[in-house]
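A short worksheet on the structure shown next.
The values are calculated or read from the model by the stated rules, or taken from the named source; none is laboratory data. Just so you know, these numbers come straight off a predicted model, no measurement behind them. A quick note on method: Cβ atoms are made from the backbone with ideal geometry, for glycine too, and the neighbour counts reach across all protein chains shown. Ligands, DNA and RNA are excluded from the accessible area calculation, which covers all protein heavy atoms including side chains. Shrake-Rupley method; radii C 1.70, N 1.55, O 1.52, S 1.80 Å.
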Amino acid sequence: MVTQQQLEDAMDQRFSKEVYKKLKSARVCIAGLGGLGSNIALMLARSGIGTLKLIDFDRVDITNLNRQAYRISHIGKLKTEALKEMIEEVNPYIQVETVTAKVTEENVTELFKGEKILCEAFDNPEYKALLVNSVLEHSPETILVSGSGMAGYGNSNLIQTKRKMNNFYVCGDEISDAYAGMGLLSPRVSICAGHQANMVIRLILE
Amino acid sequence: MAKINGEEVTNAAGKTIMEYLTEAGYDSRRVAIERNGSIIPKKSYEEVIITEADTIEIVSFVGGG
């Protein structure tokens, strides 16, 4: 068994100890564990974020494998459980809290209350809007990092991170919708997830 | 002139948020809107009237994740 000390010593030592201390004491909530959320969670786990709260209602399906971090062995499992397993294989000392629930108008405020950093990683644009509106309206302590616009295989460089409001960042090209004829592919979804994960790290370290 | 998403918009003042969204082709179920630094609650879209002095940011979500 690899020890926590070994994993910590193995981080890129060109960063100061202070950097990893800040990351380790941080807590990030991820809502939606699809192509964005599963990749964001693993990137943050590799970066040494101390606590991750993962929220999704769904189970891993074979159609998820084209862009989500899951494997064939996860098919049929709850995404919360499958992702927790994968995170443990990267770093078993990260605290992972899971909530298996669908976000609705009724539970949205309660689910995210008190969270300092929240990644919105839903698939459905109406649920994205529901979460963002509710959090910005009722949780002024939360900084929200959302993903919007990563379908297809258009120019990667159009995917950007923008501060839209005081506590609200949007990553994506804001245009590329997923619809019949224009699906989701791993590269652009992962690029967008990378933007979200890096924005989270900037919020923690800056 | 009201400023919406960084641009001065001539025909927006005097309209409700909902009227402006419909005219500009937004789907009100997919947006989040900030007006002068504060989020506009969804339930107020029919009531809030845009003024000449307003600075408004409309974020419209697309699908995929």
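Observations on the structure shown:
- With all protein chains kept in place, the per residue accessible area of the range B:2-60 amounts to 53 square angstrom at a probe of 1.4 angstrom.
- GNM top mover of A:95, A:13, A:160 - chain A, alpha-carbon springs below 10 Å: A:13
- Antiparallel DSSP beta bridges within the range A:1-102, percent to nearest 5: 10 percent
- Pair-distance distribution P(r) for the range A:104-163, from all Cα-Cα distances in 5 Å bins starting at 0: 4, 17, 27, 22, 14, 8, 6, 2 percent.
- Taking only protein heavy atoms and a 1.4 Å probe, the accessible area of the range A:46-195 is 50% carbon and sulfur.
- Around the Cα centre of the range A:17-205, unit charges on the Cβ atoms of Lys, Arg, Asp and Glu (plus for the first two, minus for the last two) sum to a dipole of about 780 debye.
- Mean residue ellipticity, 222 nm, helices only, the protein assembly as shown: the sum of -39500 (n - 2.57) across DSSP H runs of n ≥ 4, divided by residue count and rounded to 500, is -9500 deg cm²/dmol.
- Counts of other chain beta carbons within 10 angstrom of each beta carbon in peptide B:26-34 average 5.
- A/B buried area, accessible surface, summed, 1.4 Å probe, Å²: 1900 Å²
- Each Lys and Arg Cβ is given +1 and each Asp and Glu Cβ -1; about its Cα centre, the range B:2-60 then shows a dipole of about 260 debye.
- Kyte-Doolittle mean at least 0.5, axial Cα span of 20 Å or more - DSSP H helices of chain A: A:186-205
- At a probe radius of 1.4 angstrom, the accessible area of the range A:17-205 per residue rounds to 44 square angstrom.
- Within the listed set A:76, A:48, A:147, the Gaussian network model of chain A (springs between alpha-carbon atoms below 10 Å) gives the highest mean-square fluctuation for A:76.
- Compactness of the protein assembly as shown as Cα Rg over 2.2 N^0.38 Å, two decimals: 1.05
- Three-way shape call for the range B:2-60 based on the alpha-carbon gyration tensor, with the a/c threshold at 1.5: rounded
- Within the accessible area of the range B:2-60 (1.4 Å probe), percent carbon and sulfur: 46 percent
- Leading residue at positive end of dipole, the protein assembly as shown (Cβ point charges), from A:190, B:37, A:142: A:190
- Largest-first ordering by accessible area, 1.4 Å probe, given options A:165, A:182: A:182, A:165
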